[in-house]
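Okay, structure first, notes after.
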């Protein structure tokens, strides 16, 4: 079967598709996402969506920027939602394009509920979340049976831009062997301090992945005690994904991009760790 033989949905006029654009690399778009871009009359897109991805839309498609970046003037969420409603009510095929996955720290749920309240039909097109796909491009799996059977995804800032309220840092530090933070660079020092105060070791491995999956991707490996200073010294800026846990050590054996550039990989990056038998 060829790609052209796959049955893909028709984008109906007067409806909205909430689409995940993935972590950045256009090759990580789903077929449904590309299909929607090729039919849409209007694309309402976020700050992390690249021009390469937008260029997959029809030339006559209206492009509407609705990006939110910390510390910069940004559209109000309610205004974005109502704009989607207005465009759909005008008979447009509206594609709301979000970096990563629309339901993972993407406010897709808020926008979908606004469409429900307005009686606008919609479709959800999942995307690869940066907290999984971005780390995979860095050679870091979020789970590995020698290190962890659980992982927690956490936003690094709350609605007002501060460290998020409501996180039980003690439970997080003790209960999750691997923690992946989105949007955490601004408050990395406070986050690292909170985890250490609740029992995480200062020497625990940390990786910071900037511009994940893109040609400019950089990966900084550090420790929980030193990561904030290391990020500042390296001049790393958002967007970034931060991962805390033993899985970071696996990058020594799984850095597939580094291998392509001549890096020697370690077939036993966890050293003396014994594999648990799973029966």
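Scanning the stretch 163-170 turns up one or more residues that are farther than 25 Å from residue 256 by Cα, touching a strand residue (DSSP E or B) at 6+ places or on another chain (Cβ under 9 Å), not in a strand (DSSP E or B) and not assigned by TED's automatic domain parsing to the domain that holds residue 49. Residue 116 meets each of the listed conditions (1) within 19 Å of the chain's Cα centre (by Cα); (2) surrounded by fewer than 17 Cβ atoms within 10 Å (Cβ to Cβ); (3) under 25 Å from residue 33 (Cβ atoms) apart from (1). Residue-level check: of (1) part of a loop (DSSP other than H, G, I, E, B); (2) touching a residue at least 60 places away in the same chain (Cβ under 8 Å), residue 236 misses just (2). Among the residues of the stretch 152-161, not a single one is assigned to a helix (DSSP H, G or I) and at pLDDT 95 or above. The set of residues from the stretch 193-230 being in a loop (DSSP other than H, G, I, E, B) and touching a residue at least 40 places away in the same chain (Cβ under 8 Å) comprises 200, 204, 211, 212, 213, 214, 217.
Please tell me if residue 135 is in a helix (DSSP H, G or I), in contact (Cβ under 8 Å) with a residue 24 or more places away in the chain and either under 30 Å from residue 250 (Cα atoms) or assigned by TED's automatic domain parsing to the domain that holds residue 252 (or both). Criteria met by residue 135. When 23, 126, 75 are checked against the criterion of being at pLDDT below 95 and closer than 29 Å to residue 185 by Cβ, 75 stands alone in meeting it. I'm checking my understanding of the structure. Among residues of the stretch 176-192 that are touching a strand residue (DSSP E or B) at 6+ places or on another chain (Cβ under 8 Å) and part of a helix (DSSP H, G or I), which one is farthest from residue 75 (Cα to Cα)? The selected residue is 192. Do you know which residues across the stretch 1-59 are part of a loop (DSSP other than H, G, I, E, B), touching a helix residue (DSSP H, G or I) at 6+ places or on another chain (Cβ under 6 Å) and at positive phi? Residue satisfying the conditions is 14 alone. Among the residues making up the stretch 187-213, those that are surrounded by fewer than 16 Cβ atoms within 10 Å (Cβ to Cβ) and farther than 13 Å from residue 244 by Cβ are 189, 190, 197.
The values are calculated or read from the model by the stated rules, or taken from the named source; none is laboratory data. Please read all numbers here as calculations on a predicted model, not as lab measurements. A quick note on method: Cβ atoms are made from the backbone with ideal geometry, for glycine too, and the neighbour counts reach across all protein chains shown.
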